[in-house]
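Readers should treat all values here as calculations from the given coordinates under stated rules, not as data from a laboratory. Small disclaimer: the values here were computed from a predicted structure and weren't measured. Cβ coordinates were reconstructed from backbone atoms using ideal geometry, including for glycine residues, and neighbour counts include every protein chain displayed.
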Amino acid sequence: MRLRRSIPFFAIVATAICGMLFAWARAGKAQQGQGAKKNQPTLTIEEYQPKSTLVTKEHKVERAKFPFIDIHSHHWNPTAQEVDRLVKEMDTINLRVMVNLSGGTEEQLRQTVAVMKGRYPDRFVVFANLSYDDLNTPGYGKRAAQRLEQDFKNGAQGLKIFKNFGMDLKYANGERVHVDDPEFDAVWDKCAELRIPVLIHIAEPSAFFDPWDYHNERWLELKQFPGRARPPEKYPPFETLMSERNHLFAKHPQTNFIAAHLGFHGNDLERLGKLFDSLPNVYVDIAAVLAELGRQPYSAHDFLVKYQDRVLMGKDIYEVNEYKWYFRALETRDEYFEYYRPRHAFWRIYGFQVPDEVLKKVYYKNALKLVPGIDAKAFPE
């Protein structure tokens with residue numbers, strides 16, 4: 001009887017011991033797991049860079065099919081050594097003529113022309129820029145036009161207007177300089193008289209003006225580069241800038257305007273087409289907005305075919321190894337490949353292969369039509 005009574009007691013004790021051992025084992029595993037987690041790097045969603053498993057044919061185009069003109073590049077105060085290096089690099093990718101939009105004005109313009117065109121007269125084009133130093137002195141517009149005329153005599157072949165125009169540029173009283181400000185009419189009229197184009201950067205991508213929230217497709221970019229945002233307390237709305245810009249274009253039908261970066265309508269090609277239809281003096285470049293075209297290859301192809309006389313090749317920030325993305329998009333039908341600036345667009349892009357005749361116009365024929373003084377003999381018919 002004593003043995004029988006002791007069995008339940010031993011069972012209770014054994015169960016308790018097993019439970020304690022099990023608990024210790026779980027605690028040990030938990031500590032090991034915590035230790036492993038401590039050894040792992042802490043990752044954030046901003047660092048998410050998925051590698052595609054899609055397998056398709058690839059066509060890596062290292063050199064443009066035809067010689068091309070880059071209508072949108074920047075080289076501030078270049079040295080002779082830098083220019084020599086540029087020409088060597090340009091030759092590797094079939095870049096025949098580079099347009100330096102950062103020529104400055106007066107003495108700076110003369111020096112830039114001397115360094116670039118003095119050494120390689122057929123390889124470079126230099127655009128002048130406006131000085132706003134005397135903006136608040138009466139008669140500014142006429143003086144600016146006179147300076148531009150002298151810059152033209154000193155070798156400038158166009159005028160570049162930077163992004164501060166319309167957004168950051170203000171008069172002494174704090175009033176914003178509107179894009180269609182009549183004070184500048186003399187400048188645009190002078191460009192028409194001299195038959196030189198105006199490459200003008202107005203506004204930024206519309207998403208930069210939109211609320212900075214989870215619905216904004218450029219949210220990641222804005223989070224990493226908050227200075228790119230254009231909040232309403234500091235800047236005019238996107239549509240206000242577009243309205244002023246289009247009014248400027250309409251006021252000066254004899255002046256040829258090249259709206260930089262697809263006029264920031266790369267996400268709405270139908271809207272850009274309507275702008276072309278209503279204003280025959282307006283053109284665009286594709287600098288720094290290849291991602292907009294590459295995410296809509298069918299629409300991009302059809303748009304470039306329809307408006308083949310209005311679009312120009314350009315890249316913006318010069319890096320010789322990045323042009324290949326433009327060649328690949330324009331010349332192939334490759335699918336779902338990464339963009340060269342992942343924080344400019346988190347999506348992948350597609351080739352929209354345009355016909356050779358369209359490609360020639362985008363690469364060089366449209367620029368030859370707009371920019372005086374480029375030797376057309378260096379390009380195929």
note = Treating only Lys and Arg (+1) and Asp and Glu (-1) as charged, each at its beta carbon, one finds that the chain has a dipole about its Cα centre, in Debye to the nearest 20, of 2200
note = So, with points 7 Å from each Cα along the Cβ direction, the ASP309-LYS51 label distance in nm works out to 4.9
message = Compute the orientation-averaged projected area for the chain from the convex hull of its Cα atoms and round it to one decimal in nm².
response = 28.7
inquiry  = With an 8 Å Cα cut-off and a minimum separation of 6 or more residues, compute the relative contact order for the chain in percent.
reply    = 16
ask   = Any idea what the alpha-carbon Rg over 2.2 N^0.38 Å comes to for the stretch 288-381?
value = 1.10
remark   = FRET efficiency for GLU239 and ASP168 from the Cβ-Cβ distance with R0 = 22 Å, rounded to 0.05, comes out at 0.75
ask   = Roughly what would the spin-label model give for GLU335 and PHE225, points 7 Å off Cα along C-beta, in nm?
value = 3.0
request  = Please give the contour-minus-distance gain from GLN111 to SER131: 0.36 nm per residue of separation, less the Cα-Cα distance, rounded to one decimal in nm.
outcome  = 5.6 nm
query = Among PHE346, THR137, ALA300, whose Cα lies farthest out toward the positive end of the dipole of the chain, if unit charges sit on the beta carbon of Lys, Arg (+1) and Asp, Glu (-1)?
reply = PHE346
remark   = One finds, for ALA192 and PHE346 with R0 = 30 angstrom and r their Cβ-Cβ distance, a FRET efficiency to the nearest 0.05 of 0.15
request  = Return the loop-located GluC sites (Glu not before Pro) in the stretch 259-341 (DSSP other than H, G, I, E, B) with at most 13 other Cβ atoms within 10 Å of their own Cβ; answer none if there are none.
outcome  = GLU319
Ellipticity estimate at 222 nm from DSSP helix runs (n ≥ 4, -39,500 (n - 2.57)) divided over the chain, nearest 500 = -12000 deg cm²/dmol
ask   = Using alpha carbons only, how many degrees (0 to 90, rounded to 10) separate the axis of helix 106-116 from the longest principal axis of the chain?
value = 80
key: Partner lysines for LYS160 [C-alpha distance under 22 Å; skip if fewer than 8 residues away on the same chain]   = LYS117, LYS142, LYS170, LYS190, LYS251, LYS315, LYS361, LYS365, LYS369
request  = Using only the C-alpha atoms of the stretch 124-207, find the volume of their convex hull and express it per residue in Å³.
outcome  = 103
ask   = If you line up the long axis of helix 2-39 against the longest principal axis of the chain, both from Cα atoms, how many degrees apart are they, to the nearest 10?
value = 20
ask   = Which percent of the Cα-Cα distances in the stretch 44-150 go past 20 Å?
value = 56
task = Under a cut-off of 24 Å between alpha-carbon atoms, report the lysines in cross-link reach of LYS51, not counting same-chain residues fewer than 8 places apart.
result = LYS37, LYS60, LYS223, LYS324
note = If each part is reduced to its alpha-carbon centroid, the stretch 296-310 and the stretch 251-270 end up apart, in Å, by 15
query = What angle, in degrees between 0 and 90 and rounded to the nearest 10, separates the Cα long axis of helix 297-306 from the longest principal axis of the Cα atoms of the chain?
reply = 10
message = Need the full-extension length gain, GLN146 to HIS247, defined as separation in residues times 0.36 nm minus the C-alpha distance. One decimal, nm.
response = 34.0 nm
